[in-house]
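Report on one structure; see the data block that follows.
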Amino acid sequence: MSDTEKTTQAETEVWRVRLPDVRRVPSDAPWVWLNQGWHDYQKSWRFGVVFGGFYALVGLAIVGLIFFANVHYLGFPLAAGFLLIGPITAVGMYEISRRLEADEPLDQHAVFFAFMRHGGLQIAMLGLVLVLLMIFWMKAAALIFALFFGLQEFSFVDLFDTVLGSEIALPFLLVGNITGAILAALAFSISVVSIPMLLDKDADFATAILTSMKVVSENPLTMLIWGIIIAGTMALSVVTAFTALVVLLPVIGHASWHAYRACVDIDNG
C-alpha cells in the first residue's frame, strides 16, 4: 500500500463515527415510557413542580410580550415553538431519572445544573441548534402570514375573524401547518434521544444527533406515536395557559429518559 493510500485510509478512520447500537422497540413502548415517567415524577414531584412551574411562567411571560407588542399572529407559532425546544428544557428531569435508575441521591445542585455534566458544551451546542430552529420557525410563520394577509395589524378578536373568515384561510392553514410539521419532525428527529445521551455519555453533539436520527429511522411507527403523544401534551399545555406544564413537562421529560434507555444500547457505543 502506498503512503498516499495509507494517509487516505487514516483520514477515513479519523472521520468515521462509531454510533451506539440502536434497538427496535414495539409500537406500544411509548405508553410504557409514560408509565415509567409518571412513577419518576411521583418520586421527585417537588423538582417537577419547580421545573414545570418555571417554564409555565416563562411561556406566559412570552405570550404576554407578544400581545403587548401587538403581534398576535405569532401567538400560535410561539406556542408550537415550545415543542421544538422542549427537549432542552427537560435536562433536569433526565438527570433525576438517571439518578433514580442508578439508585443515586437526588442532589439539588446536580439536578439544577445537570446541563453542566460532562462540561455542558455539547448540550449547549445542541440547545443552540434547537433554538435556531425555533427562531427559523418564528420567522417563517411571520413570512407566511405576511404573504397571505399583508403587513396590516389586527386586534386579537379581529385576527380570528379575518383569518378564519377569509377565502384563503384553508391554504394559509395548510401552508402554515405543513411548514410547522416539517420543522417539528426535524427537531424531534435530532433531539428525541440526543440530549439524554449527552447527559449520560461523554459524546459530541453530532454523534448524539446521528444516533437520534438512527433511532427514528429504525423505529418509525413507535417514534411517530411518541411524537404525537408529545405534541398532544404540548397542545394541552397551551389550552391550559401552560399551567399543565407543571405536571406534563416533568412526566414527558422522565419518559424521554426511559425512551433513550430503551432505544440506545450505550454500552455498545
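Read the figures in this text as sums done on the coordinates, not as results from a lab. Small disclaimer: the values here were computed from a predicted structure and weren't measured. When we count neighbours, we look across all protein chains shown, and the Cβ atoms used for this are built from the backbone with ideal geometry, even at glycine.
Values for this structure:
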quantity	calculated
Peptides ranked, highest mean first, by Cβ atoms within 10 Å: ranges 174-180, 62-68	174-180, 62-68
Protection proxy ranking, peptides 98-108, 40-50, average beta carbon neighbours within 10 Å, highest first	40-50, 98-108
